[in-house]
Each structure stands twice: as structure tokens, then as C-alpha cells.
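Only one structure is covered here, and it is reproduced in the block below.
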Amino acid sequence: MNKPTKILKNLNFQRSLPRPCPYILGRKEHLLFTDLTKFVSKKMQEKLVSEGFRRSENIFYKPNCKTCKSCLSTRIVVNDFIFTKNFKRILKKNYDLKYKIEKPQTNRAHYKLFKNYINSRHSKGDMMDMTYLDFRTMLEISPVKTKVLNIYKNNKFFGAILFDVYGESFSANYSFFNPKFKNKSLGSFLILKLIEEAQKEKKKYLYLGYYIKECDKMSYKINFKPIQILKNKKWETF
């Protein structure tokens, strides 16, 4: 690790050692990160998110690659979001699903569905080896206010999207769902329900993480229009 540097008041940031990029074959990933185990104000937490940082447990991080700028932070301006005909179709074909906003609390049934999802969608990713304890830690450990939107059919768990709650925004962290029902577009459905919830809560933004044009699994986010991307420290409509 390099010597910690101060970028924002009262926070020390470190640069990670390079590792193989999980998104683009043949490239190296460099991260800038800070540990928020100690108390940090809600205003500072949201400032980090607005500057392109993502949360993983107690760590806030963002790409810090000198020769690659493919990872672009994205956010939806909630009140400007357009429910297109396609999005309305997705909502309609999932009319049989119920949802609940709950405190993150996992069980073996959730973990089993998560493993099925990983095996089906991300069999070559880092999460393949996650234990039940790893899974619980990912969902339940957070220095910020965190909730989960769970979806059910006849009380059977179908999927979830984990998100952080800030003063003016939501930040979606991770989602997983039953991979058997490809025709139901459950990944998009979860985001659409979170957008609806953000509108109810009068939030300005929903942060969706990174858009990566070269990675199919990360490029879907531009379908949620109008969407903004962070370029040169400024948010621009994509």
C-alpha cells in the first residue's frame, strides 16, 4: 500500500496494489479507497458517493487507473426518469410479484438463491467462492443507513436489491434474483421498483454504479434514461 493521503477533510485515502481488472480482459485495476469504520457524517458519506465512490461493507472506493477511464459513475435524476413502453411492460409482466423494503437480514434461502444467481450469471467472478458468512457480511455490515428491497411470489423469495439511503439520494449496491425466469427481466424490475421508491421518498438521485461500455454486464445502465455520468468531476447527461 502507498502512504495514505488526505483528499477530503478528516479522511485518509489509500491506493490499492494493481490486480487483474474484473471487467476488461488484459487490463489492471487500481483503486482509491478509504475505511469508514469510524464515524463519518451523513453529509460526507453522500459527498463521497456524488464524487464517484462506491461502498463495499465499510470501504468506500473508486477506480484510480491512470491509463484507463472506462469506468464511469452513473446516476438517475429521479424526477426526470422516463418509464418507457418497455419498462412499463416489465412492470406489467411482474404484477404477480410483491415487494418489501426491509432491514438487511439474510438467511439460508437467500444465500441459496444468491449462489444459483452467481453460478448462472457470474461463474467466473470473484463472488463464486463466497461463503454464507461472506454473504451475510456483504449485506448486513454497513457504516451508513442501508436497506434492501426484497421481491416475493406467494411468499417465496425471488430476489433483492441492496441500497444505501442518503439525504438526497439512494445508492444501489448489489442485486441478485432467480435466474430461472429470464423472460421476467428481474434485474431491470428491481431497479424500476427502486426508482419508484426513490420518487415516493422524494430523492433527487439514484446512483447505479459504473457504466463500462466494453463490458456487457455493466453497459445495461444506459437503458435507464435520462441518465447522468461523471466526467472530469462534473455530472453530464449521457
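The values are calculated or read from the model by the stated rules, or taken from the named source; none is laboratory data. For clarity, every value in this text was computed on a predicted model and none was experimentally measured. Quick reminder, even Gly has a Cβ in these numbers, built from the backbone with ideal geometry, and neighbours come from all protein chains shown.
General observations
- Some residue of the range 194-206 being farther than 12 Å from residue 170 by Cβ, surrounded by 13 or more Cβ atoms within 10 Å (Cβ to Cβ) and either at pLDDT 90 or above or of a type in the set (S, T, N, Q) (or both): no
- You will find that of 50, 41, the residue that is among the hydroxyl-bearing types (Ser, Thr, Tyr) and under 28 Å from residue 225 (Cα atoms) is 50 and no other.
- Residue in the range 96-109 that is more than 20 Å from residue 161 (Cα to Cα) and free of Cβ contacts under 8 Å to residues at least 12 places away in the same chain present: no
- The number of residues in the range 120-153 that are without any contact (Cβ under 8 Å) to a residue 12 or more places away in the chain and over 27 Å from residue 35 (Cα atoms) comes to 2.
- Qualifying residue in the range 61-75 (condition: farther than 24 Å from residue 231 by Cβ and not charged (D, E, K, R)): no
- Taking (1) surrounded by 15 or more Cβ atoms within 10 Å (Cβ to Cβ); (2) within 24 Å of residue 79 (Cβ to Cβ) in turn, residue 167 satisfies each apart from (1).
- Every test in (1) farther than 23 Å from residue 21 by Cα; (2) surrounded by fewer than 16 Cβ atoms within 10 Å (Cβ to Cβ) is passed by residue 121 save one, and that test is (1).
- Output for the range 97-136, where each listed residue is hydrophobic (A, V, I, L, M, F, W, C) and farther than 29 Å from residue 24 by Cα: 97, 101, 109
- Subset of the range 181-210 (residues that are touching a residue at least 60 places away in the same chain (Cβ under 8 Å) and closer than 18 Å to residue 121 by Cβ): 183, 184, 185, 186, 188, 189, 208, 209, 210
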